[in-house]
Amino acid sequence: MSTPPELILHHYPATPFGEKVRLMLGFKQLPWRSVTIPVVMPKPDVVALTGGYRKTPLLQVGADIYCDTALIARVLEQRAPAPTLYPAESAGQASLIAQWADSTLFWTAVPHTMQPAGIAAIFAGAPPELIQTLMADRGAMTAGMHWPAVHDATAQLRNHLGWIEQRLADGRSFLGGSAASIADFSVAHCIWFIRSAPPVADILEAYPQLLAWHARVLAFGHGSHQDLSSTEALAIAAAATERAPVHVAPGLGFEAGEHVTVAATDYGSDPVVGRLVGLTNDSVTVSRQDERAGRVHVHFPRLGFKTARVA
Ligand SMILES: N[C@@H](CCC(=O)N[C@@H](CS)C(=O)NCC(=O)O)C(=O)O
């Protein structure tokens with residue numbers, strides 16, 4: 001049997017969604033390669049792989065590029081079914097909590113954490129130009145989103161944290177019960193982000209069960225990994241001879257080979273254009289040719305993404 005291609009994570013240390021994937025890799029004890037990507041645009045080597053999608057992280061497996069951590073979780077599950085991210089005891093419910101955490105909880109944690117005291121702690125010692133560049137980049141990426149004011153975000157966050165505390169009040173080890181699930185990793189990266197800014201992380205002190213649970217999730221660690229340059233990652237994509245099997249299911253409104261765009265519907269909505277090679281209710285895949293990465297298949301979840309025919 002041939003060895004499957006390596007798992008290559010494109011990320012940077014401070015990314016919360018990257019931390020979600022790093023912890024899932026640690027949970028599953030999967031070895032991986034680590035490509036550190038730029039925190040702000042331009043990201044030429046990322047865009048060579050994706051065709052436009054710029055969010056962090058990406059998972060690369062040869063010439064297959066997986067966007068969005070909800071889809072990346074399913075790819076990791078396929079690679080290593082045990083321990084599962086979707087245990088029977090919390091089936092369905094774990095994915096509901098994960099989706100709430102990755103959207104509502106995350107976007108409440110961000111304005112709370114990015115208040116002036118939080119920014120000062122996160123960027124301590126960084127030149128002011130860097131902070132301005134980051135703020136301008138994120139402002140452009142989230143144009144059109146409605147951010148709560150800090151006082152609203154902090155109050156809302158207390159509601160969310162209170163729910164998590166209540167969930168853990170019966171002494172369960174993880175959010176779904178006795179086994180960790182996708183829900184734990186989605187909530188954990190939001191809490192990790194708040195904790196990256198100590199002056200605003202004191203909000204967590206009122207939730208002791210949550211802090212004890214977070215320590216349990218962080219204890220999974222990041223597994224074993226080795227650095228890889230983005231140039232090497234592009235060469236691996238270009239040299240790949242196989243792609244993960246995909247198909248366009250009938251009755252979903254599109255035919256295989258159609259020219260389509262796929263774009264996130266919340267923020268960072270840069271469209272990716274390609275030929276449709278995969279479509280189910282769970283994922284959509286386009287094939288595109290890149291000068292440096294070769295023929296790549298770029299995969300997205302259906303949730304949170306819009307697929308449209310190119311006129
Ligand atoms: N739904 C996406 C969200 C990813 C996301 O928002 N990532 C943040 C970093 S944690 C991002 O892309 N920030 C802008 C950037 O890295 O360029 C996922 O689950 O992967």
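Computed from the coordinates by the stated procedures, all read-outs in this text should not be read as laboratory data. Every value quoted in this text rests on a predicted model; they were computed, and no experiment measured them. A quick note on method: Cβ atoms are made from the backbone with ideal geometry, for glycine too, and the neighbour counts reach across all protein chains shown.
Taking the charge dipole of the stretch 90-218 about its Cα centre, with +1 at Lys and Arg Cβ atoms and -1 at Asp and Glu Cβ atoms, the residue from 114, 178, 214 reaching farthest to the positive side is 178. Considering only the other residues whose Cβ falls under 10 Å of the Cβ of residue 262, what net charge follows from Lys and Arg at +1 and Asp and Glu at -1? Combined, the nearby Lys, Arg, Asp and Glu give +2. Protection proxy ranking, highest mean first, for peptides 182-188, 5-11, 36-42: 182-188, 5-11, 36-42, where packing is the per-residue count of other beta-carbon atoms within 10 Å, averaged. DSSP beta bridges confined to the chain are antiparallel in about 70 percent of cases.
The magnitude of the dipole of the stretch 90-218, with charges of +1 and -1 set on the Cβ of Lys/Arg and Asp/Glu and taken from the Cα centre, is near 180 debye. Stretching residue 239 away from residue 137 to a fully extended chain increases their span by 33.4 nm, per 0.36 nm per residue minus the current alpha-carbon distance.
Could you give me D for the stretch 244-311, from Stokes-Einstein at 37 °C and 0.692 mPa s, where the hydrodynamic radius is the Kirkwood radius over C-alpha pairs? Units µm² s⁻¹, please. Stokes-Einstein gives a translational diffusion coefficient of 272 µm²/s. Phi angles of the stretch 158-174 translate, via the Karplus equation with coefficients 6.51, -1.76, 1.60 and θ = phi - 60°, into HN-Hα couplings of 4, 4, 5, 5, x, 4, 5, 4, 4, 4, 8, 5, 7, x, 4, 7, 10 Hz per residue; Gly and Pro are given as x. Placing a label point 7 Å from the Cα of residue 308 along the Cα-to-Cβ direction, the residues of the stretch 261-277 with a backbone N closer than 13 Å are 261-266, 269-273.
With only the Cα atoms considered, the chain has a convex hull volume of 146 Å³ per residue. Here is the tail figure for the stretch 142-189: Cα pairs spaced more than 14 Å apart come to 63 percent of all pairs. Each residue of the stretch 112-126 is assigned a 3J(HN,Hα), and the resulting list reads 5, 6, 8, 6, x, 5, x, 4, 4, 6, 5, 9, 3, x, 7 Hz, derived from the Karplus form 6.51 cos²θ - 1.76 cosθ + 1.60 (θ = phi - 60°), x at Gly and Pro. Between the Cα long axis of helix 230-239 and the first principal axis of the chain there is an angle of about 40°, rounded to the nearest 10.
Given their separation in residues at 0.36 nm each and the Cα-Cα distance between them, residue 104 and residue 195 gain 31.0 nm when the chain is fully extended. Rounded to the nearest 0.05, the FRET efficiency derived from the C-beta distance between residue 292 and residue 267 at R0 = 22 Å is 0.25. Rounded to the nearest 5, the antiparallel percentage of DSSP beta bridges internal to the stretch 1-118 is 65%. Take the Cβ atoms of residue 209 and residue 29, set R0 to 30 Å, and the FRET efficiency comes out at 0.65. Rounded to the nearest 10 degrees, the angle from helix 69-79 to the longest Cα principal axis of the chain is 70 degrees.
Annotation: amide H of residue 302 within the under-5 Å range of 283, 284, sequence separation 5 or more or interchain, hydrogens built in the peptide plane.
Rounded to the nearest whole angstrom, the semi-axes of the ellipsoid equivalent to the stretch 90-218, taken from the Cα gyration tensor as √(5λ), stand at 28, 16, 13, largest first.
Taking amide H atoms as placed 1.01 Å from N in the peptide plane, the amide H of residue 279 lies under 5 Å from those of 247, 248, 249, 285, each 5 or more residues away in sequence or on another chain.
Take the Cα of residue 82, step 7 Å toward its Cβ, do the same at residue 147, and the gap between the two points is 4.7 nm. Here's the list of lysines a cross-link from residue 20 could span, going by alpha-carbon distance under 21 Å and ignoring same-chain residues fewer than 8 apart: 28, 55. Among 47, 298, 286, the largest mean-square fluctuation in a Gaussian network model of the chain (Cα springs under 10 Å) belongs to 47. For the stretch 178-185, backbone phi angles converted through the Karplus equation (6.51, -1.76, 1.60; θ = phi - 60°) give residue-by-residue couplings of 8, 10, 5, 8, 3, 4, 5, 6 Hz, Gly and Pro being listed as x.
Dipole check for the chain: with +1 at the C-beta of Lys and Arg, -1 at the C-beta of Asp and Glu, and the Cα centre as origin, the magnitude is about 240 Debye.
The amide H of residue 33, built 1.01 Å from its N in the peptide plane, has 7, 8, 9, 226 as neighbours under 5 Å, considering only residues 5 or more places off or on other chains.
Helix 16-28 and the long axis of the chain differ in direction by around 80°, with both axes built from C-alpha atoms.
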